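Below is one structure, written out as structure tokens, with a few remarks after it.
The values are calculated or read from the model by the stated rules, or taken from the named source; none is laboratory data. The structure displayed is predicted, hence computed values, not measured ones. Glycine gets a Cβ as well: all are built from the backbone with ideal geometry, and neighbour counts include every protein chain shown.
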């Protein structure tokens, strides 16, 4: 099954065909959780029971569905995911837990599955009780409509302040069998590790052993969703779920095999592309920024330093204003707590060196022009070691303030 990619994006991505893994069906309905006229309740369903793995927010305040999923994921088995937007079901106490469990139970009963085979995810406003009076009657419609919606419909139904659907797929041949991985996610604000504020659902028809899939997912998330920041805020609902139903018919993918390396590489490619979409769609953002620190003394320092620069409000506003104010980057590196020697630091904007050995090169005005591009690369060479880290972020605009000032109204 092939469908067209997302259209009408602020950042227009190249159109690619989207491939649906064997055995996955979709449904979405309008439950009026986030107002009339918008689909906000979706279902991802595998026709056979699947293996399932997940990673979740490290925020100590966790939404009810996150706590429920963390409990259920221990079984390693699942067949359906019910997800709503418009309400996070976070900070809702024991009633929130009962509501999340009821959503799973209602769907499981209609799908004739065990309750712990249906995972529930939510996104939206924190602190409001789930409007179960709206959701209950829509669960039966959701199940009844299985197979009538596209993956694009599901991607649209889970959006909150997102401006476009975030979706990508890849195919690979393993043992003469075609294996497909499909990923969708939502996220535009409250984006900061670990993990970034988002929901991500990855489906594959690969047959892969549990430890191999778990390892591949951990590698992929570390390289992508844990290396992005929009505003430095961490959500209560961050969830990534990977479902594998084995319907491609390939030989079992085992850890450390050649097939595992191919699968893991493709999965990492998908999550990285999704993470780029999240940052491109950062609330009010006009530019995607990649901060790269190289030749750091340690990998920890490289990552910490890159995040210090990426999270600096002064750096982000300077990029928005096309101002190559590299002094703000030097300042962020200085307070980051990492090992640096000021007299060794080089800084470049989109390939143009503005700082060499800690001193400006006098090319700031030329750099200002380069900052008018939609994608900005900031490369910082510390000349202290061999470690490298990259972090994705975006600029900070007046629109970000407006969106978040009016979020609940």
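Among the residues in the stretch 357-374, are any in contact with a strand residue (DSSP E or B) (Cβ under 7 Å, 6 or more places away or on another chain), buried (at least 19 other Cβ atoms within 10 Å of the Cβ) and at pLDDT 95 or above?
The answer is yes, given that some residue of the stretch 357-374 is in contact with a strand residue (DSSP E or B) (Cβ under 7 Å, 6 or more places away or on another chain), buried (at least 19 other Cβ atoms within 10 Å of the Cβ) and at pLDDT 95 or above.
Looking only at the stretch 344-382, count how many residues are at positive phi and within 32 Å of the chain's Cα centre (by Cα).
Residues that pass the stated criteria total 2.
Quick check: anything in the stretch 227-234 modelled with pLDDT of 95 or more and in contact with a helix residue (DSSP H, G or I) (Cβ under 8 Å, 6 or more places away or on another chain)?
No; the residues of the stretch 227-234 include none that is modelled with pLDDT of 95 or more and in contact with a helix residue (DSSP H, G or I) (Cβ under 8 Å, 6 or more places away or on another chain).
Filter the stretch 350-366 for residues that are part of a loop (DSSP other than H, G, I, E, B) and either touching a residue at least 60 places away in the same chain (Cβ under 8 Å) or over 17 Å from residue 376 (Cβ atoms) (or both) and give the result.
357, 358, 361, 362
Please enumerate the residues belonging to the stretch 99-112 that are in contact with a strand residue (DSSP E or B) (Cβ under 6 Å, 6 or more places away or on another chain) and without any contact (Cβ under 8 Å) to a residue 60 or more places away in the chain.
Correct list: 100, 103, 104, 108.
Just need a number here: residues in the stretch 1-31 that are modelled with pLDDT of 95 or more, assigned to a loop (DSSP other than H, G, I, E, B) and over 17 Å from residue 113 (Cβ atoms).
5
For residue 334, work out the one condition from (1) under 31 Å from the mean Cα position of the chain (by Cα); (2) surrounded by fewer than 16 Cβ atoms within 10 Å (Cβ to Cβ); (3) over 15 Å from residue 306 (Cβ atoms) it doesn't fulfil.
It fails just one condition, (3).
Name the residue, out of 319, 340, 347, 378, that is assigned to a helix (DSSP H, G or I) and buried (at least 16 other Cβ atoms within 10 Å of the Cβ).
319
In this structure, does residue 295 turn out to be within 28 Å of residue 273 (Cα to Cα), outside the structural domain of residue 276 (by TED's automatic domain parsing) and surrounded by 15 or more Cβ atoms within 10 Å (Cβ to Cβ)?
Criteria met by residue 295.
Could you look through the stretch 115-131, keep only residues that are loosely packed, with under 15 Cβ neighbours inside 10 Å and over 24 Å from the mean Cα position of the chain (by Cα), and pick out the one that is nearest to residue 201 (Cα to Cα)?
Checking each candidate, the answer is 115.
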